[in-house]
1. Could you tell me how many of the residues in segment 136-160 are free of Cβ contacts under 8 Å to residues at least 60 places away in the same chain, in a loop (DSSP other than H, G, I, E, B) and open to solvent by 30 Å² or more (accessible area, probe 1.4 Å)?
2. Of the residues Gly195, Gly207, Gly215, Gly211, only one is open to solvent by 20 Å² or more (accessible area, probe 1.4 Å) and within 13 Å of ligand 2 (Cβ to nearest atom); which?
3. Could you grab me the full set of residues in segment 353-362 that are in a helix (DSSP H, G or I) and either open to solvent by less than 10 Å² (accessible area, probe 1.4 Å) or touching a Cys at 6+ places or on another chain (Cβ under 8 Å) (or both)?
4. So which of Gly327, Gly242 is of a type outside the set (Val, Ile, Thr) and open to solvent by 50 Å² or more (accessible area, probe 1.4 Å)?
5. Would you check if Leu102 is modelled with pLDDT of 95 or more and either within 13 Å of ligand 2 (Cβ to nearest atom) or under 16 Å from the mean Cα position of the chain (by Cα) (or both)?
6. Residue under question is Leu133, and the condition is that it be touching a Ser or Thr at 6+ places or on another chain (Cβ under 9 Å), touching a residue at least 40 places away in the same chain (Cβ under 8 Å) and over 30 Å from Arg301 (Cβ atoms); does it hold?
7. Among Glu37, Glu72, Glu47, which is in contact (Cβ under 8 Å) with a residue 12 or more places away in the chain and surrounded by fewer than 19 Cβ atoms within 10 Å (Cβ to Cβ)?
Amino acid sequence: MPTNPQTVTSPASFDAENRVIEALYADVVRRNKGETEFHQAVHEVLETLGPVLARRPEFADARIIERICEPERQLMFRVPWTDDSGTIHVNRGFRVEFSSALGPYKGGLRFHPSVNLGIVKFLGFEQIFKNALTGLSIGGGKGGSDFDPKGSSDAEIMRFCQSFMTELYRHLGEHTDVPAGDIGVGGREIGYLFGQYKRITNRYESGVLTGKGLGWGGAQVRTEATGYGCVLFTAEMLRSRGEGLEGRRVAVSGSGNVALYAIEKAQQLGATVVTCSDSSGYVVDEKGIDLELLKEVKEVRRGRVADYAELRGSHVRFVEAAGEGTGVWGVPCDVALPCATQNELDETDALALVRGGVKAVAEGANMPTTPAAVRVFQEAGVAFGPGKAANAGGVATSALEMQQNASRDSWTFARTEERLAGIMRHIHDSCATTAERYGHPGNYVVGANIAGFELVADAMLAQGLV
Ligand code: NDP
Ligand code: 2IT
């Protein structure tokens, strides 16, 4: 893992097939100085699009790539709030409304001290293609704040969320822009945000936020959906190679929303999950993670994985992070699911995983694997599911929540999970067939980028120069 897991240097080179787009990428770097994560996300998509422009020159004529790389709207605002001792704090709020080609802007809010415009733009850019892949009429957006929720009281979190929404509400709406959670934003925060939106607008507009509580407009399976979907995608990748998850040894990073439910679904499908982590370190539990205990530690006590190790028993090892990331990828496994944050799995980690016999890697987090690490996996023949495909189950289930809100209906857990499984299968198959159509069978990165891009680009062509 790089010393700062959030940042890698902006990539520069393109292979010969994609030289046409090199100048467009250089322009993105020039016009968005210092936004390295945004550069990285754009590079990862653009480097696969040369063959699409060659087959569809109308996309180049209409300047689709230049338009898709420029957000439709970027909002930055002041978020003042007081802590429990009465001290005033000033944070920065963001919402980047990237693309409405396929539907209302849709994407989560991240509260983490590392949040800046470049991070929000990388996430919003990814979201455009991810949302397209779901097939569910949602555009792409992302937002958040450099607010650090760690160690804050409930009352402080509520005051922060109320101040954040007091500014953001004017830009939202069930047909306009529909946020949800991401790092640091879960059910509690969505509740406070929704309450304030309702109070300011005097409207019970359920569809303006997703990830709501089940008693007041939330959808079954939304909490579980990203982690479940990531494992379902992994199972599809393995199935297409004649393999399965049963009996597999799985490594998961993170211990938040995505990680917890990735662990749950992997266990349901007969795998043994031997590790999970947080920014302080990782645990190794050779008997398999005790998920009930981990949920109790994380969701009830709001504790750390170190607390899990202490409560679980002497067979569990907690390894503290030592400067160079958490080291979690040194744990040998058949399947690796990075579910924490961007650039948390670098080339050295990838080489260690390959040496340990990894067969499949699926990104529960957004852009957790560095470009060099992706290459290591691809060259070693490891099935690699990029985030915009593998973690799309969360936003897809958000779209199902919007559907239920619009029809004032609520579906059962079983019905919703069945929809989720169908959507993940559809995403897997459309990535696989697109990759094949473009001469890269088995390359889900190429498949996801091109399949998502074609859907958005066709809509943009049809909608004229806007
Ligand atoms: P949570 O806040 O619930 O959990 C985040 C987890 O990642 C925590 O365990 C956290 O540890 C760890 N983490 C965060 N930052 C770092 C860091 N810099 N270094 C090491 N570990 C870190 O967030 P989610 O589970 O919701 O999100 C995880 C990832 O999944 C993100 O990339 C997010 O964008 C992506 N995602 C989320 C979706 C959702 O529906 N929630 C949907 C699709 C993708 P610590 O507590 O120590 O910070
Ligand atoms: O990255 C993501 O897809 C999310 N954080 C979920 C977005 C959503 O609107 O459900």
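The values are calculated or read from the model by the stated rules, or taken from the named source; none is laboratory data. Since this is a predicted model, take the numbers as computed values, not measurements. As a convention, Cβ positions derive from the backbone with ideal geometry for all residues, glycine included, and neighbour counts pool all protein chains shown. When the accessible area is computed, the model is the full protein with side chains, heavy atoms only, and any ligands, DNA or RNA have been set aside. Shrake-Rupley method; radii C 1.70, N 1.55, O 1.52, S 1.80 Å.
1. 4
2. Details: Gly195 fails: within 13 Å of ligand 2 (Cβ to nearest atom); Gly207 fails: open to solvent by 20 Å² or more (accessible area, probe 1.4 Å); Gly215 fails: within 13 Å of ligand 2 (Cβ to nearest atom).
Step by step, each of Gly195, Gly207, Gly215, Gly211 is checked, and only Gly211 is open to solvent by 20 Å² or more (accessible area, probe 1.4 Å) and within 13 Å of ligand 2 (Cβ to nearest atom).
3. Going through segment 353-362, the residues in a helix (DSSP H, G or I) turn out to be 353-355.
Listed by number, the list holds a single entry, Leu353.
4. Working: Gly327 fails: open to solvent by 50 Å² or more (accessible area, probe 1.4 Å).
Going through Gly327, Gly242 in turn, the sole match is Gly242.
5. On the way: modelled with pLDDT of 95 or more: yes; either within 13 Å of ligand 2 (Cβ to nearest atom) or under 16 Å from the mean Cα position of the chain (by Cα) (or both): no.
Against the criterion (modelled with pLDDT of 95 or more and either within 13 Å of ligand 2 (Cβ to nearest atom) or under 16 Å from the mean Cα position of the chain (by Cα) (or both)), Leu102 does not qualify.
6. Criteria met by Leu133.
7. Details: Glu37 fails: surrounded by fewer than 19 Cβ atoms within 10 Å (Cβ to Cβ); Glu47 fails: surrounded by fewer than 19 Cβ atoms within 10 Å (Cβ to Cβ).
Every option except Glu72 fails the conditions.
Every residue, every condition in (1) among the acidic types (Asp, Glu); (2) farther than 28 Å from Asn343 by Cα, yes or no:
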{"position": "Phe94", "(1), (2)": "no, no"}
{"position": "Ser99", "(1), (2)": "no, no"}
{"position": "Gly108", "(1), (2)": "no, no"}
{"position": "Pro113", "(1), (2)": "no, no"}
{"position": "Ile119", "(1), (2)": "no, no"}
{"position": "Leu133", "(1), (2)": "no, no"}
{"position": "Ile157", "(1), (2)": "no, no"}
{"position": "Glu167", "(1), (2)": "yes, yes"}
{"position": "Leu172", "(1), (2)": "no, yes"}
